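Reading through the structure tokens given below for one structure.
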Amino acid sequence: MTGSAEADEVQRALGTSYALERELGRGGMGAVYLARDLTLDRPVAIKVLPPELAVRPELRERFLRETRTAASFSHPNIVPVHAVEERGAVLCFVMGFVDGETLAQRIRRAGPLPAAEIVRMMQEVAWALSYAHGRGVIHRDIKPDNILIERATGRALVMDFGIARSATSASAGLTRVGEVVGTPHYMSPEQASGDVVDARSDLYSLGVVAFSAATAHVPFDADSTPAILAMHLTRTAPPLATERPDLPPALTGAVDRLLQKDPADRFATGEALVEALDTARLARPEVAPSIRVFHAKAGQFLRNSLIILLLTPWLSGRAQYDGDRFAMLVILLSGVVALLLQVVSQLRDLARQGFSYEELRRGVQSIGAEQEETRARMRAAPDWAVRRRRRWRLVALGMLGSGACIAIAFSLRRLVRPGLYYTPPLGIVLVGLGAAVGMIVLVSAIAAGGGAARLDRAIRRLWTSRAGERLFALASRGLATARLASPPTISLSQGALGALNALPKPLRRELPDAATAIRRLEAEAIGLAQRHAGLEAALSQAAAPAGASDGAVAERRALLDEITAAQRELNARRDEISARLERVRLQLLRLRSGLGTLQDVTRELTAG
């Protein structure tokens, strides 16, 4: 790599060990280069300490010592430090290269993050901080620029452990810290005042990062560093819910708690924060795959029906004779009826699988919330207005092009006799091209104008209205006695499997039977649900009117008592399985964060 004196100097110092390729970024703590480790043939990121810091012996020694400590870390949410290179005047450290972007770049590119991404980022950063805090390392420079979001997986990774601590310890005062680190917006009150800091200082900074991720701006801002630090010391952060009322209360409450001035009022550990955010992560109910499939298919059927209805007057009016028009009308309306019957069939399939209307309503509402959240993210993107204007310009040009093609085609026609024209092949091609472009532009205009979103909302209102409830009851008629119970809620087992799959491969190899054990528990829960469905059917039959004699009444009451007792036993076992799967999930999270052990996970899997 050539092109800058600094890059050439770094390349000369590193010799044949690394080959610099390009500069990735630059900040107060130096430049970062993408390079290739020539010995191991792998991409790496090399961060070079600024010369004014590298030449100070006391800072140089502390930086080397603490960066070597960070290099001993092994955590899935911490960017690994492979080596520290001290070559003459060049002092740098070699990190694993993460293909992605920083959280700061993500916010600048797409605006505020949705709730699910904020929760995931906070939990993964908290796991990384808990791991480091457990080993006596305080980051002191948690900010969006130091959090990487991996492109392929969305995983959050923390980098630059130990660097801010080194700079702070060797600096004379807060002004110098602000100049070197450049992050007064993210300092905790105790760090801003020069007091002793602990793990809760990093958690305060994480709260500022979360606030920034949710709103695209920091809670405190001013024209000077001293003014910003004074705001951290004296002002109360605005409640996050006032700026993002769409976020789950568990999330906004956690962020507000992180931003408390007194460290004692914050979460004591990153692990405590992770557990508090679990409720926010599960705040939106799981939508069963069957309901998602129904929502997609039924929506498509209804859209197609609407399109056919809109085209029916035009298509039937093209026929010259009344009989032909009537036949075309019957064909088109039959197609609409067939599509609507498919919607009813899909509803009946849902009922046959055991879903209730209430489950359908909640699922449709949850899918709608996801769609609205996605659209809000798109609208919040900085280039949304530019792309929207570009789309409308393309629509206008397309309409002009379509009209021009059709006009030219009509100009090429030749009158053969009254009422009969001859169109040359070029004219036929132009008519087809103009019609195709016009249809494409029309669909694009509907989408750009929000027509698709309004239609989605109208379909959701149908399924969540009284009419949707009656249609579901009509479709499920005759299935009452054969109806199976709703599929058991297995989000906990899915969470346990998800937590297991999120472990690094070496740890998963140490738990070869974990997935089988989790699935076995899930299968038992499903079996219990099916038995519960049978008991419900038996209960409804036993509750039906029998004979009027006292003996018949007593016999029916005894049967009801037996069925009710069996149901209680089944429910107790299902609750036990759910609790056990949740404990397994939490132990897997602890293991991933470095706070738990393989023995803890195995103990929960084999308990009972």
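Okay, here's what the table says:
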item	result
Simple spin-label estimate for L306 and R12 in nanometres, 7 Å along Cα-Cβ	6.9
For E23, E124, order by how many other beta-carbon atoms lie within 10 Å, fewest first	E23, E124
Relative contact order, percent, segment 1-130 [alpha-carbon distance under 8 Å, six or more residues apart]	18
From phi via Karplus (6.51, -1.76, 1.60), per-residue ³J(HN,Hα) for segment 190-207 in Hz, x at Gly/Pro	5, 6, 5, 8, x, 6, 5, 10, 9, 4, 5, 5, 4, 5, 4, 4, 5, x
A5 paired with D223, simple spin-label distance in nm, labels 7 Å along Cα-to-beta-carbon	3.5
Theoretical gain in end-to-end length, A404 to T597 [0.36 nm per residue, Cα-Cα removed]	62.3 nm
D99-R414 FRET efficiency (beta carbon distance; Förster radius 56 Å; 0.05 resolution)	0.35
Length added when fully stretched, S356-T516, from 0.36 nm per residue minus Cα-Cα	54.5 nm
At R0 = 41 Å, FRET efficiency that the Cβ-Cβ distance of V293 and E569 yields, to 0.05	0.75
5 angstrom amide H check on G100, placed H, neighbours 5+ away	R151
T423 versus V344: modelled label distance in nm, points set 7 Å from Cα along the beta carbon direction	4.1
Neighbour-count order for D141, D41, D513, fewest beta carbons within 10 angstrom listed first	D41, D513, D141
Contour excess over end-to-end distance, with Cα ends at R387 and D198 and 0.36 nm allotted per residue	63.5 nm
Simple Cβ-charge dipole of segment 5-96, Lys/Arg +1 and Asp/Glu -1, about Cα centre, in debye nearest 20	180
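Here, each number is a calculation from the coordinates, and none is a lab measurement. Predicted model only: the values in this text are computed from it and were never measured. Reconstructed Cβ throughout: ideal geometry from the backbone, glycine too, with neighbour counts over all protein chains shown.
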